[in-house]
Amino acid sequence: MADTIRLDKLLGHTGWGTRKEIRELCRSGAVAVNGMSCRDSSLKVQPGRDTVTVKGEPVSYEEFYYLMLYKPEGILSATEDPHARTVIDLLPRQFSGAGLFPVGRLDKDTTGLLLLTNDGQWAHRITSPKKHVPKVYIARVAGSVPGDIGERFAAGLVLDDGLVCLPAKAVCSGEGELTITVQEGKFHQVKRMCAAVGLTVEALHRVRIGSLSLDETLTPGTWRSLTETERDAVFRSPETD
Ligand code: URA
């Protein structure tokens, strides 16, 4: 028999409130399973086979979610914060009970590709430096770009606190603009790498993770779900695509 899940768990996961609120919702007659009103929130249902509706609206349940967000400036890469808006606040209610979190962090002023999921194993494979998943940034920099910047990034820069970086790439991609590829995600990594070669980062934008690029149709603050192929694309190198 396919996996079953309690109705209140399914509805909590899809943002319909606390267990108590869902019990009330069921008691009010707003919830139906396979077209029949269901007043018992402890009923076991089979996601994918049973159809659950709330006030006539179908509830779409998936255990794991995989989203791409165009992170705007001024938003924290965190799940909650008492003072500032977080990337989770940019998502609709349907995700509020699913335990989504950002895969790694972008600084508050960094923009671009941020992945969100509730699948811890997938996230770990992306963020672990041992997995060598390349993350590509466009940095607008102030200062004079050293002629040997590519070699210095490739050799493994040493940061101000003595941290030795894994080999990275830096290529001049415009006037005062670098395309930087790193395979780890230490605190302020790219800004500190640039500082190590005498450059100040004025703006930072992430464009790619593995061979998954930020969808150009997204605008700052918008998101979409990843396809299965895109979920795997983060583990492929752009060179092999
Ligand atoms: N490196 C940084 O310095 N900041 C980011 O947000 C991401 C990478």
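The values are calculated or read from the model by the stated rules, or taken from the named source; none is laboratory data. Not measured: the values here are computed from a predicted model. No Cβ is skipped: glycine too gets one built from the backbone with ideal geometry, and neighbour counts run over all protein chains shown.
Tabulated values for the structure
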read-out: Matching entry among R85, R105, R125, R93 (being within 16 Å of the ligand (Cβ to nearest atom) and surrounded by fewer than 19 Cβ atoms within 10 Å (Cβ to Cβ)); value: R105
read-out: Conditions (1) at pLDDT 95 or above; (2) in contact with a Pro (Cβ under 9 Å, 6 or more places away or on another chain); (3) part of a loop (DSSP other than H, G, I, E, B); number of the one not met by D40; value: (2)
read-out: Single condition A196 does not satisfy, out of (1) in the same structural domain as P92 (by TED's automatic domain parsing); (2) over 13 Å from the mean Cα position of the chain (by Cα); value: (1)
read-out: Qualifying positions in the stretch 201-215 - in contact with a Lys or Arg (Cβ under 8 Å, 6 or more places away or on another chain) and more than 9 Å from the ligand (Cβ to nearest atom); value: E202, A203, R208, I209, G210, S211, L214, D215
read-out: Filter result (surrounded by fewer than 15 Cβ atoms within 10 Å (Cβ to Cβ) and either over 17 Å from E184 (Cβ atoms) or in contact with a Lys or Arg (Cβ under 8 Å, 6 or more places away or on another chain) (or both)) within the stretch 134-158; value: A142, G143, S144, P146, G147, D148, E151, A154
read-out: Qualifying residue in the stretch 171-191 (condition: exposed (fewer than 13 other Cβ atoms within 10 Å of the Cβ) and within 12 Å of the ligand (Cβ to nearest atom)); value: yes
read-out: Subset of the stretch 80-130 [touching a Phe, Trp or Tyr at 6+ places or on another chain (Cβ under 9 Å), in a helix (DSSP H, G or I) and closer than 20 Å to I180 by Cβ]; value: I126
read-out: Subset of the stretch 205-241 that is assigned to a strand (DSSP E or B) and touching a Ser or Thr at 6+ places or on another chain (Cβ under 9 Å) - its residue that is surrounded by the fewest Cβ atoms within 10 Å (Cβ to Cβ); value: R224
read-out: Residue list for the stretch 129-146, restricted to those being within 16 Å of the ligand (Cβ to nearest atom), among the small types (G, A, S) and free of Cβ contacts under 8 Å to residues at least 60 places away in the same chain; value: G143
read-out: Residue check, E24 more than 24 Å from T219 (Cβ to Cβ) and either assigned by TED's automatic domain parsing to the domain that holds F187 or within 29 Å of the chain's Cα centre (by Cα) (or both); value: no
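Conditions tested, residue by residue: (1) among the polar types (S, T, N, Q); (2) within 18 Å of V207 (Cβ to Cβ); (3) within 13 Å of the chain's Cα centre (by Cα).
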residue	(1), (2), (3)
L90	no, no, yes
G104	no, yes, yes
Q121	yes, no, no
G156	no, no, no
T181	yes, yes, no
